[in-house]
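So the structure is just underneath, and the comments pick up after that.
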Amino acid sequence: SSSSSLTKEYYDMSGVSFNGASYVYDGEEHSLSIEGTLPDGVSVMYLNNNKVNAGTYEVTAKFTGDTKNYHPIEDMKATLTIAKAGVNGISFLGNTVTYNGNPHSIEISGELPEGILVTYSGNNQVNVGEYEVVANFTDTTGNYVELSPLKATLTINKAKVELPTLTTDLVYTGSVLTGVNENALYTIEEGTATNAGNYT
């Protein structure tokens, strides 16, 4: 009688590599893939691949082949990095207005990416004065570099009151005549006159 044994071979994976890569968040999907040509009969699948949001991800490449005649192929791992994106084109400028009894506010200029919210402190002022307004930003996505608060000055100047011409008609009697005109905004100081005529 005679006997024989079959020894499994190893796939030649020397020409295959799996390298990490870095991207900046842009709202698109990013992934890793192997480089090189797989041996005949070998296929690859990926775990924890195809990412959109900022973060660091360990991606695994798993290989399958002829397990009857070849040894299993070890997994390969690589790191996929998606960095947070910066936010540009945002400005916050002060403004000067004239008192009119209504609330006044200032706002940022530029378009914020979706998911970044802005709130203001020190806005909605009515009375005369200088006010420091602060714009605070909140990233609800985690995909953007943190925005520092921006500050600007809202100035409300005093209003100029245009006074109308007021007249008081008095009849001359030969004695001193006085007249006083008042309303809710101003008072005309008392004036005196004896002779007939027009007086300012």
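The values are calculated or read from the model by the stated rules, or taken from the named source; none is laboratory data. Please read these numbers as outputs of a predicted model, since none were measured by experiment. Positions of Cβ are backbone-derived with ideal geometry, glycine not excepted, and every protein chain shown enters the neighbour counts. Surface areas here come from the heavy atoms of the whole protein model, side chains and all, with no ligands, DNA or RNA. Shrake-Rupley method; radii C 1.70, N 1.55, O 1.52, S 1.80 Å.
Data overview
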read-out: Per-region count, the stretch 15-42, residues open to solvent by 70 Å² or more (accessible area, probe 1.4 Å) and either among the acidic types (Asp, Glu) or in contact with an Asp or Glu (Cβ under 8 Å, 6 or more places away or on another chain) (or both); value: 6
read-out: Filter pass, residue 49 being polar (S, T, N, Q) and under 30 Å from residue 13 (Cα atoms); value: yes
read-out: Members of the stretch 77-93 that are of a type outside the set (Gly, Ala, Ser), without any contact (Cβ under 8 Å) to a residue 60 or more places away in the chain and not in a loop (DSSP other than H, G, I, E, B); value: 77, 79
read-out: Meets criteria (at positive phi and not polar (S, T, N, Q)) for residue 94; value: no
read-out: The one condition in (1) open to solvent by 60 Å² or more (accessible area, probe 1.4 Å); (2) touching a residue at least 40 places away in the same chain (Cβ under 8 Å); (3) aliphatic (A, V, I, L, M) that residue 54 fails to fulfil; value: (1)
read-out: Residue selected from the stretch 74-87 under the condition open to solvent by 30 Å² or more (accessible area, probe 1.4 Å) and over 26 Å from the mean Cα position of the chain (by Cα), by the criterion nearest to residue 25 (Cα to Cα); value: 79
read-out: Unique residue being touching a residue at least 12 places away in the same chain (Cβ under 8 Å), open to solvent by 50 Å² or more (accessible area, probe 1.4 Å) and not in a strand (DSSP E or B) when the list is 107, 130; value: 107
read-out: Condition check for residue 96: open to solvent by 60 Å² or more (accessible area, probe 1.4 Å) and part of a strand (DSSP E or B); value: yes
read-out: Matching option when the condition is small (Gly, Ala, Ser) and either open to solvent by 40 Å² or more (accessible area, probe 1.4 Å) or more than 29 Å from residue 28 (Cα to Cα) (or both), among 142, 101, 115; value: 101
